[in-house]
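**Student:** I have a structure I would like to understand better, so I am pasting it below and will then ask my questions one at a time.
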Amino acid sequence: MTVPIRWRLTLFNALVIGAILVVLGFALFFLLRQTLLSSVEDAARDRALAVARSVEIGEGLEESDGGLVLDDDLVDAIVFDGVFIVVRDAEGNVIAETVDLPAGREARDEVWRVALEAGRPAYGTVEFTDEGGPDYVYAVPVRPAEGGPARVVEAGKSYEQAAENVRALAFVLAFGIGVAFLLSVGGAYLLACAALSPVSAVVKAARRIAEGDLSKRLPVAHPKDEIGDLTTTINAMLSRLEGAFARLEEALARQHRFAADASHELRTPLTSINGYAQVLEEWGLKDPNFAPEGVAAIKRESERMKGLVENLLILTRGDEDISMNLERADVSQVAEEAVKAARAASGGKVGIEYEPPEDEIYALLDQERVRQALSILLDNAVKYTPVGGWVEVEVKDLGETVAVKVSDTGTGIPADALSHVFERFYRVDEAREDGGVGLGLSIARQIADAHEARIEVESEPDEGSTFTLLLPRKNRNLK
Ligand code: ADP
């Protein structure tokens with residue numbers, strides 16, 4: 001069975017505090033008891049010595065009615081707090097006393113005898129009077145100065161009052177310790193509850209999160225304490241997890257969309273090919289006039305499919321992050337090669353101008369891929385620019401980066417479509433016959449990403465577009 005932490009803390013506290021209180025209580029009790037009892041003994045000793053000195057110099061006793069009595073002033077000064085005095089002769093007979101000794105007690109073999117025989121003070125506990133409780137007695141032998149008879153002075157005091165005080169003290173201590181113990185244990189329990197209450201809140205919240213809501217966060221009551229620190233750390237972990245899950249979900253959705261779009265795009269040319277093959281089968285074999293058209297269509301559609309499949313392959317390879325062949329290359333030369341290829345492919349549909357920089361501009365890049373990206377931008381510029389328009393390519397040194405600008409005087413792109421043109425399978429005008437399938441710019445973006453480069457686009461419908469590839473030089477010293 002596991003005991004909850006709050007009870008374990010309380011129990012531990014109770015044990016420690018209990019032990020401390022008991023030890024302190026006993027120590028205090030014995031110390032005070034000792035002080036109380038020794039105050040009785042000190043009083044008896046001091047008075048015995050004082051009276052003995054008076055008797056020794058002949059001032060303590062005076063004649064009265066044929067006997068001896070203690071001097072009145074001396075008695076007043078001595079017996080005020082319950083101390084009593086007994087003066088005896090050498091045989092132990094009581095000569096004078098301040099207390100009525102019960103019959104038969106006067107001559108008992110008591111402390112006085114020990115003192116007299118030893119010739120020095122003696123003390124002990126004696127049932128001296130009948131007034132209850134033992135008495136402490138201190139006896140001092142006296143040989144008066146003028147050579148008078150030997151005497152012994154006894155001073156005694158009852159322990160009764162001190163014992164009563166000790167009992168009261170024991171009661172107060174026991175009560176005080178009990179109350180202090182209960183208070184501190186109760187306090188410890190409340191403290192443990194208060195300290196652990198954020199934990200309960202955290203556990204509750206964590207359960208809700210475990211049920212699947214990753215957007216929830218644990219409550220942080222006191223950010224600076226240990227539990228606050230723990231929950232802040234867990235919250236940071238949850239944020240990262242949530243981000244990772246969101247990215248994973250997005251990637252999965254993208255993958256899914258990609259597969260669906262790719263199959264859709266592949267189906268269109270396949271359907272055409274299939275249709276033309278059927279026509280050829282049915283008519284072309286009998287009437288050769290049908291053949292050229294059908295064969296041309298099948299060739300065109302299969303070319304289209306080939307292009308599409310190639311692009312899909314490029315994209316998936318890029319997704320798999322295939323390593324690049326980075327080398328120091330002259331960007332203007334790469335751009336010029338792309339321009340030449342575009343000029344040849346355009347067949348003079350539009351004019352393509354190239355403005356080379358004054359000097360060669362070197363950057364770290366994969367030449368093949370950058371050429372491919374520029375070709376995509378150029379192909380688009382040619383494709384979406386009406387006959388007789390212009391395409392201009394410019395390479396510029398911007399210091400940290402090298403910019404390759406491809407501008408055209410074509411159809412332009414509407415503002416709301418600008419942010420989508422780099423998405424896979426996105427086309428502004430789906431119905432356009434001469435358009436591609438919408439993979440070109442996503443491939444260009446992928447190539448740019450692999451170079452930590454950016455592609456910016458500005459466009460004005462019916463005026464033209466400008467795509468700029470911003471390649472980082474990677475090394476300032478590349479000149
Ligand atoms: P596509 O194969 O259809 O050209 P892209 O990914 O290269 O696909 O381009 C996506 C869309 O962006 C194109 O369908 C087109 O509508 C638009 N676009 C791209 N470049 C240009 C341009 N230079 N001028 C006008 N529209 C463009």
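The values are calculated or read from the model by the stated rules, or taken from the named source; none is laboratory data. Fair warning: this is a prediction, and the values are worked out from it, not measured in the lab. Methodologically, a virtual Cβ is constructed for each residue, glycine included, from the backbone with ideal geometry; neighbour enumeration extends over all protein chains shown. Side chains are part of the model used for accessible areas, which takes the heavy atoms of the whole protein and leaves out ligands, DNA and RNA. Shrake-Rupley method; radii C 1.70, N 1.55, O 1.52, S 1.80 Å.
**Student:** What ranking do 43-49, 396-402 get when scored by the average of other Cβ atoms within 10 Å per residue, highest first?
**Tutor:** 43-49, 396-402
**Student:** About its Cα centre, how strong a charge dipole does region 273-321 have in debye, to the nearest 20, once Lys and Arg get +1 and Asp and Glu get -1 at the Cβ?
**Tutor:** 180 debye
**Student:** Take each of the peptides 27-39, 301-313, average the number of other beta-carbon atoms within 10 Å over its residues, and list them starting from the highest.
**Tutor:** 301-313, 27-39
**Student:** Take the Cβ-Cβ distance between R120 and E226 as r, set R0 to 56 Å, and report the resulting FRET efficiency rounded to the nearest 0.05.
**Tutor:** Working from the Cβ atoms, E equals 0.20.
**Student:** To continue, here is another question. How would you classify region 1-129 from its alpha-carbon gyration tensor, with a ≥ b ≥ c the square roots of the eigenvalues: rounded for a/c under 1.5, else prolate if a/b is greater than b/c, otherwise oblate?
**Tutor:** Prolate.
**Student:** Moving on. Per residue, how much accessible surface does region 329-479 expose to a 1.4 Å probe? Answer in Å², no decimals.
**Tutor:** For region 329-479, the per-residue accessible area is 49 Å².
**Student:** May I ask for the angle, rounded to the nearest 10°, between helix 226-279 and the longest principal axis of the chain, with both axes built from Cα atoms and the value confined to 0 to 90°?
**Tutor:** Between the helix axis and the principal axis of the chain, the angle is about 20 degrees.
**Student:** Work through the residues other than R424 whose Cβ is under 12 Å from its Cβ and net out their charges, Lys, Arg +1 and Asp, Glu -1.
**Tutor:** Once positives and negatives cancel, what remains is 0.
**Student:** Quick check for you: with a 1.4 Å probe and neighbouring chains kept, what is the accessible area per residue of region 273-321, in Å²?
**Tutor:** With the other protein chains kept in place, region 273-321 gives 73 Å² per residue.
**Student:** With a point put 7 Å past each Cα toward its Cβ, work out how far F30 is from V199 in nm, to one decimal.
**Tutor:** 3.9 nm
**Student:** Could you please tell me the mean projected area of the C-alpha convex hull for the chain, averaged over all directions and given in square nanometres to one decimal?
**Tutor:** 51.7 nm²
**Student:** For region 207-261, take N as its residue count and report Rg(C-alpha) divided by 2.2 N^0.38 Å.
**Tutor:** 1.56
**Student:** Same structure, new question: Would you please give the FRET efficiency between A296 and H264, computed as 1/(1 + (r/R0)^6) with r the Cβ-Cβ distance and R0 = 22 Å, to the nearest 0.05?
**Tutor:** So the FRET efficiency works out to roughly 0.35.
**Student:** Moving on. As a test of the formula, what do you get for the chain when each DSSP H run with n ≥ 4 contributes -39,500 (n - 2.57) and the sum is divided by the residue count, at 222 nm and rounded to the nearest 500 deg cm²/dmol?
**Tutor:** -18500 deg cm²/dmol
**Student:** While we're on this one: Mind checking which of P219, V94, L280 is farthest towards the positive end of the chain's charge dipole, using Cβ charges of +1 (Lys, Arg) and -1 (Asp, Glu) about the Cα centre?
**Tutor:** Farthest along the dipole direction, towards plus: L280.
**Student:** What is the dipole size for the chain, taken about its Cα centre, with +1 at each Lys and Arg Cβ and -1 at each Asp and Glu Cβ, in debye to the nearest 20?
**Tutor:** Roughly 2520 debye for the chain.
**Student:** Against the longest alpha carbon principal axis of the chain, how many degrees, from 0 to 90 and to the nearest 10, is the axis of helix 291-319 turned?
**Tutor:** Roughly 20 degrees between the two axes.
**Student:** So for region 1-196, averaging the separation of alpha carbon pairs under 8 Å that are six or more residues apart and normalising by length, what relative contact order in percent results?
**Tutor:** Contact order relative to length: 28 percent.
**Student:** Here's another thing I want to ask about it. With all protein chains present, calculate the accessible area of F171 using a 1.4 Å probe and round the result to the nearest 10 Å².
**Tutor:** 140 Å²
**Student:** Right, next: To the nearest 10 degrees, how steeply does helix 331-346 sit against the main Cα axis of the chain, on a 0 to 90 scale?
**Tutor:** Roughly 40 degrees between the two axes.
**Student:** Another question, if that's okay. Report in % the part of the accessible area of the chain that belongs to carbon and sulfur, leaving out ligands and nucleic acids; probe 1.4 Å.
**Tutor:** 56 percent
**Student:** R247 to E282: FRET efficiency via 1/(1 + (r/R0)^6), r the Cβ-Cβ distance, R0 51 Å, to the nearest 0.05?
**Tutor:** Working from the Cβ atoms, E equals 0.45.
**Student:** Read phi for every residue in region 412-417 and hand back ³J(HN,Hα) as whole Hz from Karplus 6.51 cos²θ - 1.76 cosθ + 1.60, θ = phi - 60°, with x for Gly and Pro.
**Tutor:** Per-residue couplings from phi come out as x, 10, x, 4, 6, 8 Hz.
**Student:** With every protein chain kept in place and ligands, DNA and RNA left out, what is the accessible area per residue of region 18-85? Probe 1.4 Å, answer in Å².
**Tutor:** With the other protein chains kept in place, region 18-85 gives 58 Å² per residue.
**Student:** Follow-up question, since we're still on this one. Would you mind checking K349/K405; K286/K306; K224/K474; K306/K474; K306/K405; K349/K396 for any pair whose Cα atoms are more than 32 angstrom apart?
**Tutor:** Exceeds cut-off: K224/K474; K306/K474.
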